[in-house]
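Notes follow once the structure below has been shown.
Computed from the coordinates by the stated procedures, all read-outs in this text should not be read as laboratory data. Worth saying up front: this structure is predicted, and the values here are computed from it rather than measured. Glycine also receives a Cβ, built like all others from the backbone with ideal geometry; neighbour counts cover every protein chain displayed.
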Amino acid sequence: MDHSSNQHRLVRFLSLSILLLVASVTVLAQAKDPGADQFVGHYKGTVKRASGQTDLTLDLKWADGKFSGRALAADGEYPISSGEIAGGKLTLKFGAPAEGASLTLQKLEDKLTGDWVRGAEKELLN
């Protein structure tokens, strides 16, 4: 074998190795942060307030690059107007009657936990 043939094989081997490395890093990054799909679903939980606890049902949908759905509590229904994922947490904004309210959620195993903020009021969601 001549020297140029060995160089050609080495270049091909290194190119393939780099390609595989980039592909595996991409797969690991996707597995680490699955994005919107991790939050989609039907959840039941409790909001802890200073005045006591309130049951909450949350329906989250993802379509056409947008979150939608609603939160249902004893005091009413709150439609989701928008949602954004940052740092592994989902922040939802609500329309009327909870205009200006937000819910920041984090997925832990199969549960969502987070904070409901409405004006100066901040409540814990479990």
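Scanning region 51-71 for residues that are in a loop (DSSP other than H, G, I, E, B), over 14 Å from the mean Cα position of the chain (by Cα) and within 16 Å of E84 (Cβ to Cβ) yields a total of 1. Taken over region 84-100, the criterion of being closer than 14 Å to W116 by Cβ and part of a strand (DSSP E or B) is satisfied by K89, L90, T91, L92, K93, F94.
Could you give me the residue pairs with C-beta distances under 7 Å whose first residue belongs to region 43-62 and is more than 14 Å from L103 (Cα to Cα) and in contact (Cβ under 8 Å) with a residue 24 or more places away in the chain, whose second residue is surrounded by fewer than 13 Cβ atoms within 10 Å (Cβ to Cβ) and not small (G, A, S) wherever it lies, and which are 6+ apart or on separate chains? Within 7 Å, the pairs are W62/D37.
Out of everything in region 89-110 that is exposed (fewer than 12 other Cβ atoms within 10 Å of the Cβ) and within 18 Å of the chain's Cα centre (by Cα), what residue ends up being nearest to A63 (Cα to Cα)? Step through it out loud before you land on a result.
Of region 89-110, the ones exposed (fewer than 12 other Cβ atoms within 10 Å of the Cβ) are 96-97, 99-100, 108-110.
From the residues that got through so far, the ones that are within 18 Å of the chain's Cα centre (by Cα) too are 108-110.
Numbers: L108: 23, E109: 23, D110: 21 Å.
Ranking the candidates gives D110 first.
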